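Reviewing the structure listed below.
The values are calculated or read from the model by the stated rules, or taken from the named source; none is laboratory data. This structure is a prediction, so every number in the text was calculated from the model and none was measured. For neighbour counting, all protein chains shown are included, and Cβ atoms are generated from backbone atoms with ideal geometry for every residue, glycine included. To get the accessible areas, we keep the full protein, side chains included, count just its heavy atoms, and leave off ligands, DNA and RNA. Shrake-Rupley method; radii C 1.70, N 1.55, O 1.52, S 1.80 Å.
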Amino acid sequence: MNAEQPTTGLLGDTQQMSYVDKLNLFNHFAAPEIRHILGEFGLKDGHAVLDAGCGTGIVTSWLYDLVRPAGHVVGIDLSTPHLREALRQRSQAMAPLYVQADISSPPFQASFDLIWSTNAINHLRQRLEGVRALARALRPGGRLLLGQSGFLPDMMFAWDDRFDKDVRAACLRYYHDKYGLDKSDTTADRNLIGLLKQGGLKRVTAKTIVIERTAPLTPEDERYFVEGVFRAYWGHRLRPYLAAEDWEYLEQLCDPDSPQFCLRRPDFHHIQTLTICSGFA
Ligand SMILES: C[S@@+](CC[C@H](N)C(=O)[O-])C[C@H]1O[C@@H](n2cnc3c(N)ncnc32)[C@H](O)[C@@H]1O
């Protein structure tokens, strides 16, 4: 791994930043949908692929499964802890290859058949610069895929629309106060088509997939919601942004030991989206 100067991205990213558990939880949760869509891009044995902002390398290894044994996959990321985890989980001795690098200045030119970058471009202060840099790393005719999951769940408390909206608004206010993000920052998936076009990519298209879960949940799904959403993103963070009775209700809904625990409700129905925008060099 190459050491780079620490930088601070829009969401506070630095080389030291770590949210390994959140990334592992989300990718294992959404594995069926992500693996399915990865299969739609015509990747074949021998292709060269870059995973830009690869996090803990879970998707990077799925990409490698599609191009092995002759192909190669490189994952780049800013975060040392995320890359360490990717290396720890790597099953092959030297593949995928991981490099510590900034998406905005990847150390590659005209090298890849496909670049996959999910939930990463929205971390950049200069998104267009990042897209242009990734486009330069594509070989002629290569494909750039930018993915963005919905910033917040589209539906979590299906039986109570007012409460669902208030929790969503509380999350947005939390992100505004913590990172100075405004509404346009938290709806970055709206810009991906425009970014690809401004970045000079051709034949730009979009596809949104829905990640949807209903009761009864698998233990893995339950673990993602409890540890990856309720504890990691919500919890006490939302308390200042909710009315006292709503905060108490939320605590009950998110507590596995409470009779009101939402994941055991027969009407539990969760929806979140993942938008993948594609363009060709
Ligand atoms: C939300 S995570 C997504 C990780 C991975 N793509 C996934 O889907 O699991 C965003 C990742 O982008 C990385 N990142 C943020 N800014 C970056 C930059 N300028 N250059 C490279 N990686 C960056 C973070 O360290 C983090 O691992």
Quiz item: What FRET efficiency do you get for Met155 and Ser258 if R0 is 25 Å and r is their Cβ-Cβ distance, rounded to the nearest 0.05?
Solution: 0.75
Self-check item: Residues of the chain: accessible area per residue with a 1.4 Å probe, Å²
Solution: 47 Å²
Exercise. Give, rounded to the nearest 20 debye, the magnitude of the charge dipole that the chain has about its Cα centre when Lys and Arg contribute +1 at Cβ and Asp and Glu contribute -1 at Cβ.
Key: 1180 debye
Quiz item: What relative contact order, as a whole-number percentage, does the chain give when Cα pairs under 8 Å and 6 or more residues apart are counted?
Solution: 21 percent
Quiz prompt | Rounded FRET efficiency, nearest 0.05, which uses the C-beta distance separating Phe163 from His36 and R0 of 41 Å | solution = 0.80
Quiz item: Farthest toward the dipole's positive end in the chain, which of Pro140, Tyr241, Gln89, given Cβ charges of +1 (Lys, Arg) and -1 (Asp, Glu) about the Cα centre?
Solution: Pro140
Practice problem: For Ile271 and Arg132, calculate 0.36 nm times their separation in residues minus their Cα-Cα distance, and state this gained length in nm to one decimal. | Solution: 46.8 nm
Quiz item: Do you know the Lys pair count in the chain for C-alpha distances under 23 Å, with sequence separation 8 or more or different chains?
Solution: 9
Quiz item: Tell me, what ³J(HN,Hα) does each residue in the range 22-36 have, in order and in whole Hz, if you take phi through Karplus 6.51 cos²θ - 1.76 cosθ + 1.60 with θ = phi - 60° and put x for Gly and Pro?
Solution: 4, 5, 5, 4, 5, 5, 5, 4, 8, 3, x, 6, 5, 5, 5
Quiz item: So, with a 1.4 angstrom probe, what is the percent of accessible area on the chain that is carbon and sulfur?
Solution: 50 percent
Practice problem: From zero up to wherever the largest Cα-Cα distance of the range 202-256 sits, split into 5 Å bins and tell me the percent of pairs in each. | Solution: 4, 15, 20, 17, 14, 12, 7, 6, 4, 2, 0
Quiz item: Going by alpha carbons, how many degrees (0 to 90, nearest 10) lie between the helix axis of 58-67 and the longest principal axis of the chain?
Solution: 40 degrees
Exercise. For the chain, state the average projected area of the convex hull of the C-alpha atoms over all orientations, rounded to one decimal in nm².
Key: 14.5 nm²
Quiz item: Which residues in the range 118-151 place their backbone N less than 19 Å from a point set 7 Å from the Cα of Lys44 along the Cα-to-Cβ direction?
Solution: 139-144
